[in-house]
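Single-structure report; data block below.
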Amino acid sequence: MNLSIKLQDILFLDIETVPQKENWKELSKETQALFEKKTQYQRKEEFTAEAFYDRAGIWAEFGKIICISVGYFVEVEKKKQLRLTSFFGDNEHTLLTNFKALLDKHFVKKSNVLCAHNGKEFDFPFIARRMIVHQIALPNKLNLFGKKPWEVPHLDTLELWKFGDYKHYTSLKLLTSILGIPSPKDDIDGSEVAKVYYEEKNLQRIVDYCEKDTVAVAQVLLRFNNQALLKESDIVSV
């Protein structure tokens, strides 16, 4: 694809989300009714709202972020190195505040862009909506008001793979498979995150999964540009 963006200007990211409450019965009657109405189209007649609640994490109105993993390239001894860090925990406000601080301090240049797989439909708007819920001022890279399409500082590996075919969806797992990239889905997948969080209470397992997805997004972009993939030794947690 020969993207003109420098790798060092890109912040790769992935988020993991879960329903705001573990169980349907913990929701207020008003919230239950709102969820029922919100999901009516997706559920149709196949599921009750209660049975569908395990998927609540995909909506910012009923879900919350428990992990944001980011990766960025640096050059070390003339070699590419991807540095990873994660913001995670039960306190979503703190998690989002720390992520905003990273953007405001280190990714404020006009040339800086955010990159995720399906980020334009999911990760970027989800983060922005949850920041507004928590009364956190949006960082410039997530504040799209008044921006023209070509001014939006977002890259989406799913959109790049579509090549304008807007009815085409390709999962990150499928994309890594066909491009010869080690799969990030070697432990859990997105449908299991809520169970691991609420039942197993194993947040570190989710963080590991989120970081693997972030690495996979970076690897996909390298392949799109016909560049060599990262080796394990090129990936460093900080």
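Here, each number is a calculation from the coordinates, and none is a lab measurement. The structure presented is a predicted model; accordingly, all values stated were derived computationally and were not measured. Glycine also receives a Cβ, built like all others from the backbone with ideal geometry; neighbour counts cover every protein chain displayed.
Using label points projected 7 Å from each Cα along Cα→Cβ, tell me how many nm separate Glu50 and Gln8, to one decimal.
5.8
For a distance above 19 Å, tell me the whole-number percent of Cα pairs in the range 37-149 that qualify.
Details: 3488 of 6328 pairs.
Of all Cα-Cα pairs in the range 37-149, 55 percent lie more than 19 Å apart.
I'd like the trypsin sites (Lys or Arg not before Pro) in the range 127-232 restricted to DSSP loop residues with at most 12 other Cβ atoms within 10 Å, sorted by number.
Details: sites: Arg129, Arg130, Lys141, Lys147, Lys162, Lys167, Lys173, Lys185, Lys195, Lys201, Arg205, Lys212, Arg223, Lys231; in loops: Lys147, Lys167, Lys185, Lys201, Lys231.
Those satisfying the criteria are Lys147, Lys167, Lys201, Lys231.
Just need log10 I(q)/I(0) for the range 180-238 at q = 0.24, 0.25, 0.28 Å⁻¹, Debye formula, equal scatterers on the alpha-carbon atoms, no solvent, rounded to two decimals.
Log10 of I(q)/I(0), two decimals: -0.97, -1.01, -1.15.
What is the distance, in nm, between label points placed 7 Å from the Cα along the Cα-to-Cβ direction at Gln81 and at Asp187?
Using points 7 Å along Cα→Cβ, the separation is 2.3 nm.
What number, in percent, do you get for the relative contact order of the range 91-148 if the mean sequence gap of Cα pairs under 8 Å and at least 6 apart is divided by its residue count?
On the way: 26 pairs, mean separation 24.5, N = 58.
RCO, the range 91-148: 42 percent.
Evaluate Rg over Rh across the chain, taking Cα atoms for both radii and Kirkwood's formula for Rh. Display every interim value, and only then the final one.
On the way: Rg = 18.1 Å, Rh = 18.8 Å.
Here Rg/Rh amounts to 0.96.
Kindly work out what percent of the DSSP beta bridges joining two residues of the chain are antiparallel, to the nearest 5. Kindly include the intermediate steps, with their values, before the conclusion.
Working: 18 of 27 bridges.
Here the antiparallel bridges make up roughly 65 percent for the chain.
Expressed in nm², what is the orientationally averaged projection area of the convex hull enclosing the Cα positions of the range 1-46? Present the calculation step by step, with values, prior to reporting the outcome.
Working: hull surface 27.1 nm².
One quarter of the hull surface, i.e. the mean projection, equals 6.8 nm².
Using the number of other C-beta atoms within 10 angstrom as an exposure proxy, rank Thr97, Thr39 with the fewest first. Write down the numbers at each step before the final one.
On the way: Thr97 14, Thr39 19.
Ranked by crowding around the Cβ, least crowded first: Thr97, Thr39.
About the Cα centre of the range 1-68, how large is the charge dipole given +1 on each Lys and Arg Cβ and -1 on each Asp and Glu Cβ? Please answer in debye to the nearest 20. Please report the intermediate quantities before stating the final value.
Details: 10 positive and 12 negative charges, 29 e Å.
Dipole size: approximately 140 debye.
Rank the residues Asp54, Asp156, Asp90 as a footprinting-exposure proxy: fewest other Cβ atoms within 10 Å of their Cβ go first. Working shown, then result.
Details: Asp54 17, Asp156 20, Asp90 10.
Ascending number of Cβ neighbours within 10 Å: Asp90, Asp54, Asp156.
For the range 184-238 and the range 125-140, what is the separation of their C-alpha centers, rounded to whole Å?
The distance from the Cα centre of the range 184-238 to that of the range 125-140 comes to 24 Å.
So what is the relative contact order for the range 43-192, in percent, with contacts set as C-alpha pairs under 8 Å and at least six apart? Before the final figure, lay out the partial values.
On the way: 131 pairs, mean separation 25.2, N = 150.
RCO, the range 43-192: 17 percent.
Which is the longest run of the chain containing none of the chymotrypsin sites (Phe, Trp or Tyr not before Pro) found in DSSP loop states (not H, G, I, E, B) with at most 10 other C-beta atoms within 10 Å?
Working: sites that count: Phe145, Phe163, Tyr166.
Result for the longest clean stretch: 1-144.
Which net charge results for the neighbourhood of Ile15, defined as the other residues with beta-carbon distances under 10 angstrom from its beta-carbon, given Lys and Arg at +1 and Asp and Glu at -1?
Details: positive: Arg130; negative: Asp14, Glu16, Asp123, Asp213.
Net of charged neighbours comes to -3.
Return one quarter of the surface area of the convex hull spanned by the alpha-carbon atoms of the range 85-208, equal to its mean projected area, in nm².
Working: hull surface 36.9 nm².
Answer in nm², one decimal: 9.2.
At 4 °C and a viscosity of 1.567 mPa s, what translational diffusion coefficient does Stokes-Einstein give for the range 127-191, taking Rh as the Kirkwood radius over Cα pairs? Give it in µm²/s as a whole number.
Numbers: Rh = 14.9 Å.
D = 87 µm²/s.
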